[in-house]
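Please treat every number below as a calculation from the coordinates, not as lab data. Fair warning: this is a prediction, and the values are worked out from it, not measured in the lab. Note that we place each Cβ from the backbone using ideal geometry, even for glycine, and neighbour counts take in every protein chain shown.
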Amino acid sequence: MRPFHYEHAADRGEALKVAGAHQGAAYLAGGTTMIDLMKLDVLRPTALVDINALAKDHSEIRADASGLKLGALARMSDVAADPSVRRDYPMVAQALDLAASPQIRNMASLGGNVLQRTRCPYFRDTGWSACNKRHPGSGCAALTGVNRKLAILGASEHCIANYPGDFAVALAALGATVDLEGPKGRRVIAVEDLHRLPGETPQVETTLLADELITGFTVPAGAWARRSLYLKIRDRQSYEFAIASAAVALDLDGGLVREVRIGLGGVAAKPWRAHEAEAALRGQPLTEASAEAAAHAAFAQAKAPGELAFKPELGRRTLVRALLQAQAMEV
Ligand SMILES: Cc1cc2nc3c(=O)[nH]c(=O)nc-3n(C[C@H](O)[C@H](O)[C@H](O)COP(=O)(O)OP(=O)(O)OC[C@H]3O[C@@H](n4cnc5c(N)ncnc54)[C@H](O)[C@@H]3O)c2cc1C
Ligand code: SF4
């Protein structure tokens, strides 16, 4: 590990000030991604600004008639265990519960979770020189290498890394927004707009401005939130990232789909909202056939070379199963 400056920030203002004073600074919350990647020499911040003291202002978990408000420093385990989240936003609780391990969920914050980095093996191993995300212009070892866990949606010829997290997929599906505060003030953006597609610049992963802090998330209330679930398919049933996942929320009018929200995880370069699949289902009866048609729409643009060939079919089956399971929920 390389030497770095370390400082606790007492509040938002101090966090922004310290980050602004050190070029190449990074924020530290639970540290479960940041410290890992520093030890691997993948991330080399000049300074770590510890923002855990901001939890006093930014760890709320509040559900009311307008929606669900979550502080960026709330811990994954606390949000997953909250009775109102479990009852009114089961998809959110499940996405958090099915992630990582209990120890990690106790440490990890929501803000850090959303900003976790890809698990592409070539990104995490500096022994590989070709990785456009670590070294722009160096190439992409994954294109012809071990890539079965990577992206089939939203990837580019410069990077096929997938976004590995679960929680942000649920947030994107539910149309959540993220509260930001930076040196130039506060703003609110859609979670769907927080992560960028790789294009020609895979090293630029988000639309965050310099030193901008995530302070919280808002999930709007909706008739679909209670009939929602997160289905995660992985190589082993615990302590593993998604190979494919589907976050599904349904508002049914008898057998008809009045409204539907769909997010896809494990398969895409960013937390993925499946708008085409939603459009295919809206106003239609929900049957196995219509769910399959929606799943085909969701993966119509998938590109799956080499080891990834199995993934569109797995993604489609995951979505069909999630839709039919959500339909069968008693709410
Ligand atoms: C073995 C293992 C298995 C895992 N499995 C899963 C899984 O199945 N599903 C899943 O979703 N995740 C999984 N994770 C990822 C884990 O959930 C994340 O590491 C964790 O949520 C990150 O949160 P943190 O608070 O520790 O972030 P940190 O490590 O502190 O920070 C992560 C990044 O976010 C930035 N950051 C943190 N907070 C803020 C903020 N408020 N504003 C701006 N920037 C901020 C940091 O600068 C850093 O770049 C796994 C991790 C490990 C180690
Ligand atoms: S897929 Fe992206 S992260 Fe992985 S090696 Fe290629 S450029 Fe690097």
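Key figures
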read-out: In the range 248-331, the GluC sites (Glu not before Pro) that fall in loop regions by DSSP, at most 16 other Cβ within 10 Å; value: GLU330
read-out: 25 Å Cα-Cα threshold exceeded, pairs from LYS39/LYS303; LYS69/LYS303; LYS69/LYS270; value: LYS39/LYS303; LYS69/LYS303
read-out: Tensor-based shape of the range 1-54 (alpha-carbon gyration tensor, a/c under 1.5 rounded, otherwise prolate or oblate); value: oblate
read-out: Using a Förster distance of 35 Å, the FRET efficiency for SER101-GLN325 (Cβ separation, nearest 0.05); value: 0.90
read-out: Theoretical FRET efficiency, 1/(1+(r/R0)^6), r = Cβ-Cβ of GLU307 and LYS39, R0 30 Å, to 0.05; value: 0.60
read-out: For the chain: relative contact order, % (alpha-carbon pairs under 8 angstrom, 6 or more apart); value: 16 percent
read-out: Linear extension gain, GLU288 paired with ALA53, 0.36 nm per residue minus alpha-carbon span; value: 79.7 nm
read-out: Gain upon complete extension [ARG2, VAL204; 0.36 nm per residue less C-alpha separation]; value: 70.4 nm
read-out: Surrounding net charge for GLU205, when Lys and Arg each add one and Asp and Glu each subtract one, Cβ distance under 11 Å; value: +4
read-out: Loop chymotrypsin sites (Phe, Trp or Tyr not before Pro), the range 228-282 (other Cβ atoms within 10 Å of the site Cβ: 15 or fewer; DSSP); value: TYR239
read-out: Potential extension, SER138-ARG196 segment - 0.36 nm per residue separation minus Cα distance; value: 18.9 nm
read-out: Of LYS56/LYS311; LYS149/LYS184; LYS133/LYS232, those spanning more than 32 Å from alpha-carbon to alpha-carbon; value: LYS56/LYS311; LYS149/LYS184
read-out: Per-residue Cβ neighbour rank within 10 angstrom, fewest leading, ILE214, ILE51; value: ILE214, ILE51
read-out: 222 nm mean residue ellipticity, helices alone, for the chain (DSSP H n ≥ 4; -39,500 (n - 2.57); rounded to 500); value: -7500 deg cm²/dmol
read-out: Rounded if a/c under 1.5, otherwise prolate or oblate - the range 169-217, Cα gyration tensor axes; value: oblate
read-out: Relative contact order for the range 1-54, counting Cα pairs under 8 Å that sit 6 or more residues apart, in percent; value: 55 percent
read-out: Where labels lie 7 Å past Cα in the beta-carbon direction, separation of ALA81 and ALA65 in nm; value: 3.1 nm
read-out: The chain: C-alpha gyration tensor shape, a/c 1.5 cut-off, then a/b vs b/c; value: oblate
